[in-house]
Amino acid sequence: MPDLVLRLSGITKRFGPLVANDGVDLDLHRGEVLALLGENGAGKTTLMNILFGHYVANSGEVSVAGEDGTLRPLPPGSPHAALAAGIGMVHQHFTLAENLTGLENIMLGTEPVLRLSRRTGAARKKVGAVMRESGLAVDLDVQVSRLTVGERQRVEILKALYRDARILVLDEPTAVLTPAEADGLFATIRALAAGGLAVIFISHKLGEVLAVSNRIAVLRGGRKVGEMATAGADRRGIAEMMVGRDVPASRRTPRERGRPLFELDRVSVGGGHRRGLEDASLAIAEGEIVGIAGVSGNGQAALAALAAGLARPASGAMRLFGAEVRGHDPRSFSRAGVARIPEDRHHDGVVGAMTVAENVALEEIREPRFQRGGFLRFGAIRARAEQAIRDYDVRCQGPEAPARLLSGGNIQKLILARVLDREPRLVLANQPTRGLDIGAQTEVHRRLLAARERGAGVLLISEDLDELMMLSDRISVIYAGRLSEALPAEGLDRGTLGLMMAGHAEEKAA
Amino acid sequence: MIVIEPRPSPSKALTIAAPVFAGIAALALAAIPIALAGANPIDAYGYMVTGAFGSLFAFSETLTRTTPLILTGLAAAVAFRARLWNIGGEGQLYAGALAAVAVGTGAIDAPPWLMIPLVLLAGAIAGALFFLGPALLKLRFGADEVVTTLLLNFVMLLFVQMMLEGPLKDPMSLGWPQSAPITDAAALPTLIPRMRVHSGLIVGLVAVAAVWVMMRRTVWGMEIRAVGENAPAARYAGIPVTATVVRVALLSGALAGLAGVGEVAGLKGYLTNDLSPGFGYAGIVVAMLAGLSPLGVVAAALFIAAVFVGADSMSRGLGVASYIADLVVALSLLCVLVGGFFTRFRLRFAGRPAQAGS
């Protein structure tokens with residue numbers, strides 16, 4: 001074994017009654033990529049926050065090898081000490097100042113506060129050297145706000161390397177990347193590891209873990225439930241280790257398409273500061289799932305806003321259930337039978353300060369069953385919430401618990417309960433499984449397939465190609481505000497879709 | 001080392017205790033300038049308590065002060081719940097007073113059972129409309145309502161002055177800029193003979209009860225809370241955000257307008273341009289001390305009113321400037337803001353980390 005650079009021993013962290021980490025041991029060696037795999041809430045991020053000094057463990061110890069290779073305990077609760085010991089972390093949500101350039105972001109925090117001039121020359125030289133060694137290239141003099149997501153991630157990694165990180169922690173790094181960008185990242189990680197860096201790669205996606213890591217540690221419910229070399233590990237075995245049970249594979253059954261439910265005919269719409277749609281045509285019929293593949297920021301938000309009733313077409317025709325749409329507002333869409341699952345479930349899905357019960361009833365609060373003469377019918381609201389919690393397995397302390405205490409997966413289940421329980425005819429699912437663990441993902445898939453089975457049409461917008469291929473009857477690719485023709489999923493392969501997502505549709509057609 | 005940690009879920013007791021401690025802390029801090037002014041703080045606060053609660057007259061005076069503060073405090077609390085930052089309570093109060101004077105000084109002659117509701121309604125409408133403008137500007141153009149409502153306070157005060165020098169000037173006032181008196185039919189009756197406390201207090205308490213029921217038990221209340229806590233999610237769920245904000249603005253402005261009616265038609269009898277010693281601004285402190293709860297507004301308004309009334313008595317007894325009251329009010333706002341922080345976060349002294357397994 002190569003030299004040990006990091007050892008976590010017996011890490012336990014409790015938040016009140018919740019045990020987020022339970023006696024976790026973990027070793028990391030020089031030049032290896034260790035994948036930390038687990039469902040959401042398995043304790044991966046908590047563990048890394050302890051490593052980085054954001055949290056103090058209730059018990060256990062973090063030791064890091066010094067220059068001479070001997071392990072020394074790291075003072076707990078000190079991000080400063082973690083940085084000094086050579087631990088670099090790239091968070092899931094980037095921590096870059098958008099109005100500064102890449103170089104300024106990289107230097108940020110490394111300079112003394114009380115100095116008037118900045119020594120950019122030396123820093124530029126050092127970053128340049130790091131870029132050459134690692135193969136990470138990015139224009140350092142462009143404001144971060146104008147960089148793509150992939151470029152921003154490179155800036156984050158450069159920031160860590162600039163500070164002489166010997167241990168690099170990447171938290172869900174591919175969540176925001178295109179497949180091609182992710183492949184680029186994997187190549188970078190392998191190159192960095194070959195250069196002696198020790199990498200911890202946090203993920204809940206099996207495919208990429210198998211692609212990039214040397215060793216896999218699986219966390220479940222705060223405990224380490226397994227550790228194995230990547231070579232020879234099998235997908236299904238690891239998945240079962242993660243969730244602790246068989247993972248039922250979602251399968252579509254063939255079904256007749258019915259009448260059209262949602263039609264866009266050469267619709268254009270502006271997207272505000274995000275990309276809009278241009279000349280887009282789409283039809284979703286009863287009993288089919290139409291998937292929209294694409295890298296985020298290509299007009300998905302505008303398409304979702306149309307289907308959610310939040311936007312109206314600037315030009316072109318939009319028909320819902322066979323009729324021209326008159327009232328473009330969320331309430332009439334919801335009442336007409338459109339179930340809407342928002343992309344950002346925390347921001348647009350729930351009101352965190354309100355209770356689970358209030359959130360479940362929020363869309364229908366004006367319906368007679370929940371109010372009489374403007375006064376709320378608490379009994380009916382509570383009963384509805386209890387049923388939702390039961391039927392959709394929403395894990396919470398009860399209908400009166402504030403929604404913000406729920407995990408991401410349970411918030412999504414709450415939203416599913418809110419929108420799907422009314423037998424909607426059309427379902428808009430915008431990134432419905434992003435950030436969810438496998439268990440919750442499977443549940444979302446099952447519910448969408450059940451809606452299709454019942455005869456509803458589903459508009460599934462996703463960045464997860466596996467999900468799209470598995471669920472969709474037809475797939476359309478969105479690129480630069482334009483929708484391709486929706487093609488049967490059976491005839492499509494990932495390569496073609498990937499090319500189309502990158503804007504190479506014309507070449508293929510030629 | 002001191003670590004700041006969020007509390008998983010702020011407890012109910014703490015939410016109530018925090019403003020109480022904020023009030024106590026403000027009084028304790030104000031003891032320093034009182035001592036510097038050469039008075040014994042304990043004596044000073046003794047005078048304050050007696051001055052505010054020591055006799056039926058004193059208590060009546062305190063309640064008289066409480067009345068407008070309940071209404072302006074409620075106006076701020078309702079608006080703040082919807083994240084609509086109404087700093088214009090003062091202007092809306094004067095708008096209400098102006099309307100009360102326009103209607104209640106003889107323009108209409110009707111019996112009290114008609115006149116009183118009419119005056120109240122006129123004041124409420126005037127206050128509501130005066131806040132509608134800033135609310136619509138915010139909704140339509142994103143104009144910051146903190147700025148617009150704050151500046152409109154001065155516009156309204158100057159407008160009142162103009163009216164008092166012009167059309168509304170009482171010809172019998174010997175040149176003083178004041179309006180004609182409210183007619184007997186339009187005056188809000190006093191509650192206790194020979195005391196100043198008037199039925200505006202009843203209006204305030206009824207408004208508190210009504211707002212409390214509305215926030216807790218009605219669709220409107222739930223929509224207001226949803227819009228205030230997370231407007232994008234409320235919009236996504238089909239709650240009419242614009243209509244809700246307009247509704248809140250009208251309600252908040254109307255409440256502040258009612259405060260003006262009470263001062264004119266219940267207390268002073270005529271309008272001057274020093275009708276309110278900043279009740280609109282003090283209402284913001286009341287709302288914050290109350291934690292935006294309608295019931296809390298009553299307690300907070302009583303506290304602030306007692307400080308003001310008591311400080312006058314303290315000033316007479318000990319020769320300490322009664323500006324100390326303003327100081328206490330300002331300090332209690334600062335203390336409640338700090339207190340609000342401690343209800344959401346806690347400090348942990350992490351000199352040694354919790355027993356490590358080493």
- For residue A:153, which of the numbered conditions (1) within 26 Å of the chain's Cα centre (by Cα); (2) touching a residue at least 24 places away in the same chain (Cβ under 8 Å); (3) surrounded by fewer than 20 Cβ atoms within 10 Å (Cβ to Cβ) fails to hold? (3)
- Give the residue, chosen from B:36, B:27, that is loosely packed, with under 15 Cβ neighbours inside 10 Å and either without any contact (Cβ under 8 Å) to a residue 60 or more places away in the chain or not small (Gly, Ala, Ser) (or both). B:36
- Query: Of the residues that make up the stretch A:103-117, is at least one more than 22 Å from residue A:224 (Cβ to Cβ), crowded, with 16+ Cβ neighbours inside 10 Å and within 14 Å of chain B (Cβ to nearest Cβ)?
  - Reply: no
- Task: Kindly indicate whether residue A:408 is over 21 Å from residue A:293 (Cα atoms) and within 15 Å of the chain's Cα centre (by Cα).
- Result: yes
- Subset tally (residues that are aliphatic (A, V, I, L, M), more than 7 Å from every other protein chain (Cβ to nearest Cβ) and more than 26 Å from residue A:306 (Cβ to Cβ)) for the stretch B:217-245: 1
- Out of B:172, B:222, report the one residue that is surrounded by 23 or more Cβ atoms within 10 Å (Cβ to Cβ) and without any contact (Cβ under 8 Å) to a residue 12 or more places away in the chain. B:222
- Just one listed residue, out of B:322, B:313, is farther than 22 Å from residue B:342 by Cα, part of a helix (DSSP H, G or I) and of a type in the set (S, T, N, Q), and it is B:313
- Task: Those residues that are in contact with a strand residue (DSSP E or B) (Cβ under 9 Å, 6 or more places away or on another chain) and not in a helix (DSSP H, G or I), I need them from the stretch A:374-395; list them, please.
- Result: A:374, A:375, A:376, A:377
- Report whether or not residue A:434 is in contact (Cβ under 8 Å) with a residue 40 or more places away in the chain and either basic (Lys, Arg) or crowded, with 22+ Cβ neighbours inside 10 Å (or both). yes
- Determine whether residue A:101 is over 23 Å from residue A:215 (Cα atoms) and touching a residue at least 60 places away in the same chain (Cβ under 8 Å). no
- Residue check, residue A:435 on the phi < 0 side of the Ramachandran plot and assigned by TED's automatic domain parsing to the domain that holds residue A:285: no
- Of the residues in the stretch A:34-74, how many are among the hydroxyl-bearing types (Ser, Thr, Tyr) and more than 29 Å from the chain's Cα centre (by Cα)? 3
- Message: Any residue that is more than 22 Å from residue A:65 (Cα to Cα), buried (at least 21 other Cβ atoms within 10 Å of the Cβ), in contact (Cβ under 8 Å) with a residue 12 or more places away in the chain and in the same structural domain as residue A:130 (by TED's automatic domain parsing) - is there at least one of those in the stretch A:191-203?
- Response: yes
- Do any strands (runs of 3 or more DSSP E) entirely within the stretch A:277-366 hold 3 or more residues that are touching a residue at least 60 places away in the same chain (Cβ under 8 Å) and within 14 Å of chain B (Cβ to nearest Cβ), and if so, which? A:338-341
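The values are calculated or read from the model by the stated rules, or taken from the named source; none is laboratory data. Remember, it's a predicted structure, so these values are computed and weren't measured experimentally. With ideal geometry, Cβ positions are generated from the backbone for all residues, glycine too; neighbour counts draw on all protein chains shown.
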